[in-house]
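Where a number appears in this text, it was derived from the coordinates with a stated rule and is not lab data. Since we're looking at a predicted model, the values are computed, not measured. We place every Cβ from the backbone using ideal geometry, glycine too, and count neighbours over all the protein chains shown.
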Amino acid sequence: MLKLYFTHKTRSGRVVWLLEELGLEYELVKLEFSKEGLKSEEHRKRHPLGRVPVLEDGDVTIFESGAIIDYILERHKNGGLKPAVDAPEFPYYLQWFHYVEGMIMPPINEIVVQTVLLPPERRSEDALNKALKLLAKAMKPVNEALEGKDYIVGDFSGADIMLGHAAFMANLSVPFGDDMPNLKAYVARIAARPAFDYAINLK
């Protein structure tokens, strides 16, 4: 059985969401967001930096949420929830799947650092404002790409697992205004999916 190491309000929620969407059986191991929970010697054997998610599947142990999502889709869904390699949508599936970690998550990470992780005396308002601007800029192409669509590339796919989770989190930091109607509708559509609601509220 698949075993997922999970911490609330982290990228591990993406993997729970996917597993729930697919109806796969899995064991969930919850770790506290603390030195004792994530930086223990035991967990560092699974992830050298002491982070989540980590997935165990028999003799396989892998980390990085995008890699885990792709692994599950290939090994446990026979390539489902993603376009065929020769489909016209496939290049754009890859583009948006990886755009999330390349362009959206870096400013979100900085926002979390400046508002949650650092003590108040070490926070930088300049760094926070720069991250907020970068996040808003990164979301504009997504809003444009969603024009006339329910999901980012054709039917609901693994790219939406990546993007939907990131867009939901981005909306918490920089709520999408009326200038991004497609993103507002997309986040509402994602939030209405029962599997997402379960994953995002899991503690």
Check: Under a 5 Å amide H to amide H cut-off, with H placed in plane at 1.01 Å, what residues pair with VAL54 once short-range neighbours are removed?
Finding: TYR5
Next item on the list: Grab the alpha carbons of the stretch 2-76, take their convex hull, and tell me the volume per residue in Å³.
Entry: 79
Next item on the list: Any chance you could check the Cα centroid distance between the stretch 31-67 and the stretch 108-130 for me, in angstrom?
Entry: 25
Margin query: Quick query: amide H of LEU2 versus all other amide H atoms, modeled in the peptide plane; which residues come in under 5 Å with a sequence gap of 5 or more or a different chain?
Written below: GLU27
Checklist line | At most 10 other Cβ within 10 Å, DSSP loop - GluC sites (Glu not before Pro), the stretch 30-82 | finding: GLU32
Notebook entry, point to check: The list [x] 20.5; [y] 17.7; [z] 18.5 gives values of Kirkwood radius over Cα pairs in Å, and only one came from this structure; which label was calculated from it?
Noted result: [y]
Note to self: With θ taken as phi - 60° and the coefficients 6.51, -1.76 and 1.60, list the Karplus ³J(HN,Hα) couplings across the stretch 47-56 in order, rounded to whole Hz; mark glycine and proline as x.
What the structure shows: 9, x, 9, x, 10, 10, x, 10, 10, 10
Next item on the list: Kindly list the residues of the stretch 49-83 that lie in the label zone of HIS98, defined by a backbone N under 20 Å from the point 7 Å along the Cα-to-C-beta vector.
Entry: 63-75, 79-83
Next item on the list: Quick one: give the max-minus-min coordinate of the C-alpha atoms of the stretch 90-193 along each principal axis, largest first, in Å.
Entry: 46, 27, 23
Notebook entry, point to check: Which pairs in the list LYS9/LYS203; LYS9/LYS35; LYS3/LYS82; LYS30/LYS203; LYS9/LYS82 are over 20 Å apart, alpha-carbon to alpha-carbon?
Noted result: LYS3/LYS82; LYS9/LYS82
